Amino acid sequence: MKTVILIATSTLLVGSLFAADSKPKDDVTAAAAKLGEKPNYSWKTVVVVPESAQFKPGPSEGQTEKDGFTVLSLTFGDNTTKAVMKGDKAAVSSPEGGWQTLADLDNAEGPARFLGRILRSFKAPVAQATELANAAGELKQEGDVVSGDLTEAGAKAQFRFGNVSNPKGSVKFWIKEGVLTKYEFKVTGKVDFNGNEFEVDRTTTTEIKDVGSTKVNVPEDAKKKLS
């Protein structure tokens, strides 16, 4: 009888610990889902890399509407590119003033093709935050902030290109009134891309804003490309 009671007690304790450990992660995914239920929102993403980094992405901004269009503004050096997305389709502003599809970018060379790869792997904040939460090990909550380390596989998944070795990462989420308001993740590792090796040390911060009051303006020429 004592053995049965001991086993039952141990099972309850393990279950309680598991529930306690999973709750912060559940809170993050619920906060992201709640953001996704809003009619629209905007965001700004800033990427910080060492001064010696070969690739220094500029800030990007976006607006999205539920079950509708997503508009991105991507900065690379002195150049800003506009992109409009809906579902698995995208149209990108070209230097000549027109709009190109993902298929056009796939057939392009150099930076244009690289841009196409970026857009194909793009995830809006709701999807990216959910992915990051699932990519983390144990998450802990302090006030409105939930944080923890990414698993090795989770950190590796944040490198969209090349062969990665020794990937490591961490993540933080900010939640207010049950809705995701900000998230930040840091990854480090070594990447081999087309025979070139380089170290990566990147911190990406995304802040959500104008929830429910964002107006998504889509150029008519871009809409035609997505039809």
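Here, each number is a calculation from the coordinates, and none is a lab measurement. The structure displayed is predicted, hence computed values, not measured ones. With ideal geometry, Cβ positions are generated from the backbone for all residues, glycine too; neighbour counts draw on all protein chains shown.
List of remarks:
Residues checked against (1) over 28 Å from Ser52 (Cβ atoms); (2) in a helix (DSSP H, G or I):
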position	(1), (2)
Gly154	no, yes
Phe159	no, no
Ser165	no, no
Val171	no, no
Arg202	no, no
Ile208	yes, no
Val211	yes, no
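- Subset of the range 176-199 [among the aliphatic types (A, V, I, L, M) and either loosely packed, with under 15 Cβ neighbours inside 10 Å or out of contact with any Lys or Arg (no Cβ under 7 Å at 6 or more places or on another chain) (or both)]: Leu180, Val191
- Count of the range 140-150 residues, restricted to those that are touching a Phe, Trp or Tyr at 6+ places or on another chain (Cβ under 8 Å) and either surrounded by fewer than 17 Cβ atoms within 10 Å (Cβ to Cβ) or closer than 15 Å to Lys182 by Cβ (or both), is 4.
- Out of Phe173, Phe161, sole residue that is loosely packed, with under 14 Cβ neighbours inside 10 Å and of a type in the set (Phe, Trp, Tyr): Phe161
- Looking across the range 114-152, the residues that are in a helix (DSSP H, G or I), under 17 Å from Thr29 (Cβ atoms) and of a type in the set (A, V, I, L, M, F, W, C) come down to Val126, Ala127, Ala129, Leu132, Ala133, Ala135.
Yes/no per residue for (1) farther than 30 Å from Glu37 by Cβ; (2) loosely packed, with under 12 Cβ neighbours inside 10 Å; (3) more than 17 Å from the chain's Cα centre (by Cα):
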| residue | (1), (2), (3) |
| --- | --- |
| Thr70 | no, no, no |
| Asp78 | yes, yes, yes |
| Ala112 | yes, no, yes |
| Leu115 | yes, no, no |
| Ile118 | no, no, no |
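- The residues on offer are Ala90, Ala53, and the sole one that is touching a residue at least 12 places away in the same chain (Cβ under 8 Å) and either closer than 16 Å to Pro219 by Cα or in a strand (DSSP E or B) (or both) is Ala90.
- Taking the range 94-110 as the range and being touching a residue at least 24 places away in the same chain (Cβ under 8 Å) and buried (at least 18 other Cβ atoms within 10 Å of the Cβ) as the test, the residues that pass are Trp99, Gln100.
- Total residues in the range 204-227, condition under 19 Å from the mean Cα position of the chain (by Cα) and surrounded by 15 or more Cβ atoms within 10 Å (Cβ to Cβ): 6
- Test: residue in the range 186-198 that is under 27 Å from Ser94 (Cβ atoms) and touching a residue at least 40 places away in the same chain (Cβ under 8 Å): no
- Selection status of Gln158, more than 17 Å from the chain's Cα centre (by Cα) and closer than 22 Å to Ala30 by Cα: no
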